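Novice: Before I ask anything, let me first share the structure, which is written out below as structure tokens.
No value in this document is a laboratory result; all are computed from the given coordinates. If you're wondering where the values come from, they're calculated on a predicted model, not measured in any experiment. Backbone-built Cβ (ideal geometry, glycine too); neighbour counts: all protein chains shown.
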Amino acid sequence: MEAPLTSAASTVEEWTGHGVDVGSIERRLVALRESVEAETEGPDLRTSVMTHMAWVPPDWLQAATETLAGLAERHPSRTILLVPEPDAGDDRLDAELSMRCFPLPGQGHHVCSEVIELHLRGKRAVAPGSIVEPLLVADLPVFLRWRGEPPFAAPPFAQLVDVAGRLVVDSGEWSDLPAAYGELTAFFDRVAVSDIAWSRGLGWRRSLAALWPAIKAVEELRVAGPLADALLLACWLRSRLGRQIELVHEDCEELELVAVDGEPARVPNEEPRKASDLLSEELDNFGRDPVYEAAVSVAR
Amino acid sequence: MVIFGASGDLTQRKLMPALYSLALRRLLPEEFGLVGVARTEETDDGFRARMEAAVREHARDEFRQETWEGLAEGMSYIAADFSDEEGQNALAERLTKLDEERGTAGNRVYYLAVPPSAMSTIIRELGERRQAQGWTRLIIEKPFGHDLASARALNTQLAQHFGEPEIFRIDHYLGKETVQNMLALRFANGIFEPIWNRQFIDHVEITVAESIGVGARAGFYEQAGAVRDIFQNHLLQLVALTAMEPPIDFTADSVRNEKVKVLRSLHTPGPKSVVRGQYGHGWIEGEEVPGYRDEPDVSPDSTTDTYLAAKLYVDNWRWADTPFYVRTGKRLPRRDTTISIQFQRAPHPPFEEMSSDGLRPNVLNVHIQPDEGVSLAIGAKVPGQGMSIRSVNMDFLYGGAFRTGLPEAYERLILDCLLGDATLFTRADEVDEQWQLVDAIVAAWQRDRPSFPNYAAGTWGPSSADELIERDTREWRHH
């Protein structure tokens, strides 16, 4: 896990606007940046590594904001939070901008992250791709974190996928499993996909891999944990071994037990990772993950 | 200064705010006077009030009453059609009066912000009525002609009455700080010029993207299209500045000599190397927008191009076989003008394939608008265990580095004209070369009827533009 540089932002500049257009958001961002630079005597040299978009229905906003709080220092970036409010009763764009800067120990410079929270009210939620395109940091990777289960057939999802290089989901947030995995596979050729539920299971996959070669003969996998985590473990084994394996699932909030033909596997020796740590790791990945794709492809 | 076309949008949005900013910084001579000329009926007071409102709305500086009053004192307006003698006499009288009252000593700058159809009469009358006293300079707004023949005719007419040093053909892109910074970047730094050639640069991409549609300019745009509105002037000037050899000094002729050499070296692209497009209905910034053919005053079966992409080659020692991919269009997803220099990949990165998934070739981006600055994409190790590498951008933003407001392009160009410096203006032979290329492109278009619209508003142009660059196993830069 990457350690944060400091505990808190030393400089925070914010701006809020209702009924704004993209041009005014761009101008305000420049003004915020200049304001921070004036206060901190730098940085004149800004470093960005990506644009991080997040589709965050209002019910997910608090969780998303908390995750972001632990993320900004490790990934100096522009984050665009898209909060769809199609039933708002009016058609407008509201924006909250903030720039958070963290001092680099022993240096006069800061690492700055910009957060653009956009509330897409009424018809403004119909074509979010056209709203975010002008706000992407040019020439850098674009990550899309989709909170909740994506409406795979809806235009907003397809639009945002098309501007992103990597889609980050947490299938643990989905209700329509395993059918939703089938819809996800249709996007593998369009965008690289990360699944936080898959990352959470890494320690257990290592434990199961350590059982090689005996695990070749496994008939039944018993998993006590979230359904997504259980399905991904079972499907991973199915895709690697190339045959059917029975999954017995017991629902729990966290992955607690994995047993192979009744024999409990070794519990991974690792601290549970925070949501921001898990997302942070996904933001360091760029290419497709063929092992994950293979596992999901047999989940249908 | 006399502005022909003083009732137009350009005067309100650009020229008057630029003059105000120059006045605020005491860069205009104390004797400076301004006469607006247009056919619209308006009094001197009405003109001053309209210009004050324009300054308040569009100037980059705060409004200062004292500065404005000093500028407004020398302002007046003549409602006239310059093709009739009465209007010409009225202007002559007004200028004589300004000489007497403000001591302008016969020095004249005529700003021709008028449609091409009005240009010829004004040039002829100004030429025939020019006085012996003082100097005379003409600033001529684009479009400078409609094709090579009309541009040559205009140049010939100008040359009958004025010397080349008196003619200032404006391309406002050249007044932008970042465009000029391209020269500083290349020729004031020892690190770039040695690698600024075919050996180290894989290709160059130049994008001039607009998110706006045709707006109120349909009358002009239907005749011009993207090829004459942007490609002929702004885009080719950016190509010239990127590819030119170092001038021996920064005088007007030295710089323009080098630019002309580039324009002359441009290989005329074949039909397969040019893609044209026209936008259809789509979405911009979350709002639904009509297709070009549904815009007011546009023909419902218009074949006007609102998008153009081309692969150009500069046939000289430095750039042989290095493609310059250029594109411009309306109703693209974002407003963005950038010159991207993509360098060759590192010949043999000694890293595992997976560890450098996030690594892209080095790209030097010169951002011209909206955020003026320079960024360099470099590969860097991700902190932590192992050797994972990804591209990061080092950004240099003008606003952040110099902490001073950037002058608007028109400020710089008007001031240069007042000082008699034509470095950032286009010379007759440059215009000639630009039109030769455009005529060759347009001639090929006469042979077929395009299937328009072929891209949706809010997208990056027709799929054939992607194919143009993907044929060379390259891709347009990410936005």
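Novice: So if we plug the beta-carbon distance of B:K381 and B:I212 into 1/(1 + (r/R0)^6) with R0 = 60 Å, what FRET efficiency do we get, rounded to 0.05?
Specialist: 0.90
Novice: Relative to a virtual label point 7 Å from the Cα of B:E470 in the Cα→beta-carbon direction, which members of region A:180-213 show backbone nitrogen distances below 13 Å?
Specialist: The answer is A:190, whose backbone nitrogens lie closer than 13 Å to the label point.
Novice: Shielding by partners for A:123-133, please: the mean number of other protein chain Cβ atoms within 10 Å of each residue's Cβ.
Specialist: Values: counts 3, 3, 1, 4, 8, 2, 5, 14, 7, 4, 12.
The mean count of partner-chain Cβ atoms within 10 Å per residue comes to 6.
Novice: Would you give the gap between the C-alpha center of region B:168-196 and the C-alpha center of region B:137-165, rounded to a whole Å?
Specialist: Using only Cα atoms to place each centre, the spacing works out to 26 Å.
Novice: Step through the table entries B:K176/B:K259; A:K123/B:K330; B:K14/B:K261; B:K142/B:K259; B:K142/B:K176, compare each Cα-Cα distance with 20 Å, and write down the pairs that go over it.
Specialist: A:K123/B:K330; B:K14/B:K261
Novice: Set the Förster radius R0 to 56 Å, insert the Cβ-Cβ distance between B:E62 and A:E254 as r into 1/(1 + (r/R0)^6), and round the FRET efficiency to 0.05. Mind dumping the intermediate values first?
Specialist: Details: r = 59 Å, r/R0 = 1.05.
According to the calculation, E is roughly 0.45.
Novice: In a Gaussian network model over chain A where Cα atoms closer than 10 Å are linked, find which of A:T185, A:T51, A:T79 has the largest mean-square fluctuation.
Specialist: A:T185
Novice: Still on this structure, I have one more. By count of other Cβ within 10 Å, fewest leading, how are B:F4, A:F102 ordered? All intermediate terms of the calculation are to be shown ahead of the outcome.
Specialist: Details: B:F4 25, A:F102 21.
Taking fewest neighbouring Cβ atoms as first place, the list is A:F102, B:F4.
Novice: Convert each backbone phi in region B:284-297 into a coupling constant with the Karplus relation 6.51 cos²θ - 1.76 cosθ + 1.60 (shift: θ = phi - 60°), then list the ³J(HN,Hα) values in order as whole Hz, x for Gly and Pro.
Specialist: Once rounded to whole Hz, the list reads 10, 6, x, 10, 6, 10, x, x, 4, 5, 9, 6, x, 6.
Novice: Based on DSSP, what percent of beta bridges with both residues in chain B are antiparallel, to the nearest 5? All intermediate terms of the calculation are to be shown ahead of the outcome.
Specialist: Values: 44 of 72 bridges.
Antiparallel bridges make up about 60 percent of those DSSP assigns within chain B.
Novice: List the residues, sorted by chain then number, that are 5 or more residues from B:I284 or on another chain and whose placed amide H is less than 5 Å from its amide H.
Specialist: B:V289
Novice: Suppose R0 equals 56 Å; then what is the FRET efficiency for A:A209 and A:T65 from their Cβ-Cβ distance, rounded to the nearest 0.05? Numbers along the way, then the final one.
Specialist: Values: r = 36 Å, r/R0 = 0.65.
The computed FRET efficiency comes out at 0.95.
Novice: Eigenvalues of the Cα gyration tensor times 5, then square-rooted: what semi-axes does that give for the protein assembly as shown, in whole angstrom, largest first?
Specialist: Details: eigenvalues 647, 147, 123 Å².
Its equivalent ellipsoid spans semi-axes of 57, 27, 25 Å.
Novice: Among the lysines, which have Cα under 17 Å from the Cα of B:K311 when same-chain residues fewer than 8 positions away are ignored?
Specialist: Output for B:K311: B:K272.
Novice: As a check on your grasp of the helix formula, calculate [θ] at 222 nm for the protein assembly as shown: sum -39500 (n - 2.57) over DSSP H runs of n ≥ 4, divide by the residue count, round to the nearest 500.
Specialist: On the way: 24 runs with 255 residues, N = 779.
After summing the helix terms and dividing by the residues of the protein assembly as shown, the value is -10000 deg cm²/dmol.
Novice: Which whole-number percent gives the relative contact order of region A:199-297, counting Cα pairs below 8 Å spaced six or more residues apart? Mind dumping the intermediate values first?
Specialist: Numbers: 125 pairs, mean separation 35.0, N = 99.
It comes to 35 percent, rounded to a whole number.
Novice: Per-residue Cβ counts within 10 Å, from other chains only, averaged over B:387-395: what number is that?
Specialist: 5
Novice: What is the order of B:H172, B:H58, fewest Cβ neighbours within 10 Å to most?
Specialist: On the way: B:H172 20, B:H58 16.
With the sparsest Cβ surroundings first, the list reads B:H58, B:H172.
Novice: Right, something else. Would you calculate the separation in nanometres between label points at B:H267 and A:A31, each defined as 7 Å from the Cα along the Cα-to-beta-carbon direction?
Specialist: With each label point 7 Å from Cα toward Cβ, the separation is 4.9 nm.
Novice: Can you tell which of A:S239, A:V258, A:S199 lies farthest toward the positive end of the dipole of region A:199-297, using +1 and -1 charges on the Cβ of basic and acidic side chains (Lys, Arg; Asp, Glu)?
Specialist: A:S239
Novice: Where does each of B:K311, B:K381 land when they are ranked from fewest to most other beta-carbon atoms within 10 angstrom? Write out the running numbers ahead of the final one.
Specialist: Numbers: B:K311 21, B:K381 12.
By the 10 Å Cβ count, ascending: B:K381, B:K311.
Novice: Continuing with the same structure: Give or take rounding to whole Å, what are the principal axis extents of the alpha carbon atoms in region B:247-337, in descending order?
Specialist: Principal extents (Cα only, largest first): 51, 31, 24 Å.
Novice: What is the angle, in °, between the Cα long axis of helix B:116-129 and the longest principal axis of the Cα atoms in chain B? Nearest 10 is fine, range 0 to 90.
Specialist: 50
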